[in-house]
Amino acid sequence: MQQTYDFTQLEKQIQAFWQDNQSFKAVKDTNKEKFYSLSMLPYPSGTLHMGHVRNYTLGDVVSRYQRMLGKNVLQPMGWDAFGLPAENAAIKHQKAPADWTYSNIAYMKKQLQSLGFGYDWDREVATCDDSYYKWEQWFFIELYNKGLVYRKNSVVNWDPVDQTVLANEQVVDGRGWRSGALVEKKEIPQWFVKITDYADELLQDLDKLKGWPDAVKIMQTNWIGKSEGTTITFDVNGTKLDVFTTRPDTLMGVTYLAIAAEHPLALQASKENAAIAKFIKQCQQTSTMEADLATQEKLGIKTPFYATHPITGDKVEVWIANFVLMSYGTGAVMSVPAHDERDWEFAHKYNISLKQVIETTEGNTDLSKGAITEKGTLINSGQFDGLDFDAAFSKIAEYLTTNNKGEITTNFRIRDWGVSRQRYWGCPIPMIHCENCGISPEKEENLPVKLPQDVTLTGATSPLKVMPEFYETTCPQCGSKATRETDTFDTFMESSWYYARYTCPTADKMLDDEANYWLPVDQYIGGIEHAIMHLLYARFFHKLMRDAGLVTSSEPFTNLLTQGMVLKDGAKMSKSKGNTVDPQALIEQYGADTVRLFSMFAAPPEQSLEWSDSGVEGAHRFLKKIWSYIHSNHDKIDPKYTLSLDKLSNDDKKVRFEIYSVLKQALFDFDKMQFNTVVSACMKIFNSLQNAQNSAVITEGVSILLRLLAPFTPHIAQSLWSELHFGDDILNAGFPQIDDQALISDNFTLVVQVNGKLRAKIDVSSELTAKEIEAMVIADEVVSKFLEGKTIKKAIYVPKKLMNLVIGA
Ligand code: ANZ
Ligand code: ZN
C-alpha cells in the first residue's frame, strides 16, 4: 500500500475500474427491488458550477447507498439542450447553436465523469437530438388528435425594429435587448396544451405525494388556484352580466360592479365616450401580471350603465377598474367595499357607498380604516339574516339557481400552457399550414421534423423563417404546396418527459415496457426554482402519457428533495456576481472525493451551503488522516480475523460500543437524507478507532467506516476496500448492520460528588469492586483537584450510580 494519498492517480484508476466493470449499467431485473434515482438534468451552458456539484453528489450518494442496500439502481444523466443561451452564444461566437451545444456537452460530461458519479451513460439523452424530440412531436400530434391541443391568439413581446418576437428575458426595462426599441405587445396565433383539463387531478394528487416538501405542494396548490364560488347574473339593460364571487354571502352588500378594461361592456362604453376609450388604452399599456396588479394603484372610470341587483332589484353603478382581470372568472366582479380590501380602497377613492352585511364575533362596525374581511353572521340581508357563511353560501346559491340568476362554479387560476416560441433553437412544432385544408399535423412517417443545424444567426430573427428548404413542404391532406410552422416548442416540453425516456432511450417508440419497470422515479433531486413550472408540467405530462396508455402510474416522482443554494459570503454563487468557485480547479487540487465530501458535510441538503476554503481543506485532511491511519495499521487489518468477545479489553469493548452507537444513528440519518450528520458520524467512528487495540476490532471498525464513507467518497473507499482484501467491489459489499451485542454496554456512568456536590461523571466498568472504583475516582484528573490538601473521611457508594466523598480539612 502506498504511503501517501495520491488522489489523482487513485481516482483515475477507480474510474477505470468502474468503466471496465460496467458498474453502473442498469439492467431490468424483476427479481430485484428497483430504485430509480434522478437528478434534474443540466442545461449545457459550458462548465459545471458548484450548484451542479452539490445536486449531483446528493443524487450519487442516494444511488450508491441504495445500491449497497441491494437494490437494482438506475441513475441516468442527460442534457436539457435547447434554449435561448445557445442562440445568444451563437451570435456572439459566430458558431452554430448545435456546435456550441454539443461541444459544451462533451466538456461537461468529462467533468461529471471526473467527479465519479455513477451514471449509466448508455442511457444518456440530449433533448436536441432528433431521436429524442421525434417522440415529442409524435406525442404532440397524439394530443392534437385527442383535442388536447389548440391554437389561439396570444400576446407576445414584439420588437418593431428587429421585426421579431422577443422572449421575456430579452426585454430589458421595456426595450429590446439588441435594438433598444420600445417593445410592443402583439397578438399572434400560438399553440396551447390543455393543462386546465387536468387542473383538478393535478391538485387532488398532491395529497398522494407524501415524499414531497410541503413548500412545493403549497406553491403548486396556489398556482393551480382552485376557487369554489358562484357565478351571479346581473341584468344590464336587458343583457346579462356575469360575475364570479367566492363570497356570495356578501351579495346583499354589493354597491357597484367592476369590469375589466377588455370586457365587451367596457368596449361598448368606449364607443361613445372618449374618456373611457382613453382609460382603456391606458390600462392596456400597463402590466397585467397578477403580482403587479396587487400592488399598483387602483384606478377606474364610471360607465353610463347600471346593473340590476338579482335579489333586491336595486340599481348599481358599473365601473371599469384596472384591478379586474379579463382572464379570470368572467372578467367582472360584484364589489362589496365593506368586506373586500380592494373594493374598499376603490370605493374610498371614488366616493362610492358601503354597506355592512357581515357581523364578526368581535362586533366590529368600524369601516373607516378598511374592510371587515373575516367571515361571520349575515346582517342587513333580509331573508338571509342570521346565517353563517356556509349556510348563506348554500341558501343564496339555491335562491339564485331556482331564479335562473346564478349557479355554483369552480374556477381555476391556472391557464392553458402556451408552448409556441418564436425561436430557432428548439423542437420544431410538427404542424403544416395549407391554403386549402388549413392546419394539419405532419404524417407520422415523416417524423421527426428535423431542425436544420447548419445555420448562421445574425440577429434576433429565427433563421427558420427565411429558410424555404425548411418551411416549404406539401400538405399531408391534399398534397399541394404548404408551409411548415416555424415556431418551436417551449423547452419545458422536453424536460417534461425526459425522466421517462431514460428508461428506454433507444426504443423505436416513445416509451416501451421498461418504462413501467423503472417508473415512477423513487428519488428526484433538484433546485427549488423548479417548484412550479417544471414539476407541474412533468406531472401533467405523466398523466397525459398514462391516458395514452404509455405508463401505468399517475405521478412521476415519488420523493422529491429540493437542495439549497451554494453561497459565498452570504450571496448566491453566480457568474454575474463574480463569486464563483471553479469545481474543476478544486478537483485538481484536492480530488473529487474531497469536493464531494465537503459539499455533503457543510450543510443539510435542503439548506443553503456557505462556501468555505477551510472547510474544503478540513475534508481533505480527514481523508489524508484515514489514509495514513490505515497505512500505519495495515498489518492489523485483515478480514480473516474473527472477533472473540470474551477476549476483548474494556477499551476495545468501549470502542465497539461507540462505533455501533454512532452507526445506528447514521443509518437512521441516511434514510432521512441527513447526509451531513452521516459524514460527522464517519468522523466520530474514525476517532473511536484510534483507541482500538485488538486487530479484529480495528478490522471491523475500518470495514464499517469504509462502507459508510463509500457513497460520499467512493474512490478512496473502493481503493482501500480492495487493497485491504475486504472484497473486489465495495458496491457489492452490502451496508454495515447493527450488532446488538456491541450495544450492550458493560460500563456505567458513575456520578461523583464531593461533600454532596456534583463534581464529575465517570465511565466505569461494572467488573470493578467498590474499592477499585474508589481508587479510580480518587485518581481521576477532575476529582483529584477537589481533593487537594484534604483528607477523605468517608466514601459513600451507591452501586452502579453514585459515589460521594466526604472530606475535611
Ligand atoms: C365579491 C367579494 C366580496 C369577493 C368579498 C371577495 C370578498 P379567488 O379566491 O382568487 O378566486 N374576482 C373575481 N373575478 C375577478 C377578476 N377577473 N379580477 C379580479 N378579481 C376578481 O378570488 C375570487 C374573488 O376575487 C371574487 O370574490 C371577486 O371578489 C374577485 F367580501 O366577489 B369577490
Ligand atoms: Zn391541403
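Derivation of every value follows stated rules applied to the coordinates shown; laboratory data play no part. Keep in mind the model is a prediction, meaning the values are calculated, not measured. A quick note on method: Cβ atoms are made from the backbone with ideal geometry, for glycine too, and the neighbour counts reach across all protein chains shown.
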Chain lengthening between K95 and V751 when straightened (0.36 nm per residue, less Cα-Cα): 228.6 nm
- prompt: Among all the lysines, which ones have a C-alpha under 25 Å from K12's C-alpha, if same-chain residues fewer than 8 places away are not counted?
  reply: K25, K109, K110, K624, K625
Nonlocal amide H pairs with L560, under 5 Å, H built at 1.01 Å: W212, Y524
- request: Return the FRET efficiency for the residue pair D214, D314: r is the Cβ-Cβ distance, R0 is 41 Å, and the value is rounded to the nearest 0.05.
  value: 0.35
- prompt: Farthest toward the dipole's positive end in segment 128-285, which of T230, Q268, A181, given Cβ charges of +1 (Lys, Arg) and -1 (Asp, Glu) about the Cα centre?
  reply: Q268
query: Roughly speaking, what is the centre-to-centre gap between segment 607-650 and segment 35-56 when only Cα atoms are used, to the nearest Å?
result: 30
field: In degrees, nearest ten, helix 675-689 long axis to first principal axis of the chain (Cα)
entry: 0
query: Which aspartates and glutamates have a Cα lying under 14 Å from the Cα of K684, excluding residues fewer than 8 positions away in the same chain?
result: E658
message: Helix-only estimate, please: 222 nm mean residue ellipticity of the chain, summing -39500 (n - 2.57) across DSSP H runs of length 4 or more and dividing by its residues, to the nearest 500.
response: -11000 deg cm²/dmol
query: Between R175 and residues 5 or more places away or on another chain, which pairs have amide H atoms under 5 Å apart, with H built 1.01 Å from N, and which residues are they?
result: V183
query: Each residue of segment 589-605 in turn: what ³J(HN,Hα) in whole Hz from Karplus with 6.51, -1.76, 1.60 and θ = phi - 60°, glycine and Pro shown as x?
result: 6, 10, x, 5, 4, 5, 4, 4, 4, 4, 5, 8, 7, 5, 6, x, x
- request: Could you list the GluC sites (Glu not before Pro) in segment 346-426 that lie in coil according to DSSP, counting only those with at most 11 other Cβ atoms within 10 Å of their Cβ?
  value: E362
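For A275 and D508, calculate 0.36 nm times their separation in residues minus their Cα-Cα distance, and state this gained length in nm to one decimal.
The A275-D508 span can extend by a further 77.6 nm.
Using only the alpha carbons of the chain, what is the convex hull's orientation-averaged projected area in square nanometres? Walk me through the intermediate numbers first.
Numbers: hull surface 194.5 nm².
Mean projected area of the Cα convex hull: 48.6 nm².
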- line: Non-local residues with an amide H under 5 Å from the amide H of T409, with H modelled 1.01 Å from N and Pro and chain starts lacking one, are G229, T230, T231
Nearest-0.05 FRET efficiency for M1 and Y107, computed from C-beta distance (R0 41 Å): 0.75
statement: Among beta bridges assigned by DSSP with both residues in the chain, the antiparallel ones amount in percent, to the nearest 5, to 75
- prompt: Between segment 474-517 and segment 179-242, what's the alpha-carbon centroid distance in Å?
  reply: 26
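What is the Cα convex hull volume of segment 408-484 when expressed per residue in Å³?
Dividing the Cα hull volume of segment 408-484 by its residue count gives 156 Å³.
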- prompt: Roughly speaking, what is the stretch gain from H725 to A571, that is 0.36 nm per residue apart minus the C-alpha to C-alpha distance, in nm to one decimal?
  reply: 50.8 nm
Alpha carbon Rg of segment 683-809, scaled by the compact-globule rule 2.2 N^0.38 Å: 1.56
query: Which value in nm describes the separation of the simple spin-label points at D385 and N579, placed 7 Å from the Cα toward the beta carbon?
result: 6.4
query: Using alpha carbons only, how many degrees (0 to 90, rounded to 10) separate the axis of helix 50-68 from the longest principal axis of the chain?
result: 60
statement: Two pseudo-spin positions, 7 Å from Cα along C-beta at Q741 and at S608, lie apart in nanometres by 5.1
message: Apply the Karplus curve 6.51 cos²θ - 1.76 cosθ + 1.60, θ = phi - 60°, to the phi angles in segment 541-556 and return the couplings in whole Hz, x for Gly and Pro.
response: 4, 4, 5, 4, 5, 4, 6, 8, x, 8, 9, 9, 7, 9, 10, x
- request: Mind pulling the angle between the C-alpha long axis of helix 214-224 and the longest principal axis of the chain? Nearest 10 degrees, somewhere in 0 to 90.
  value: 10
statement: For the E472, A167 Cβ pair and Förster radius 35 Å, calculated FRET efficiency rounded to 0.05 is 0.85
message: Per residue of segment 154-161, what does 6.51 cos²θ - 1.76 cosθ + 1.60 with θ = phi - 60° give for ³J(HN,Hα)? Whole Hz please, x for Gly and Pro, Karplus curve as stated.
response: 8, 7, 10, 8, 10, 8, x, 7
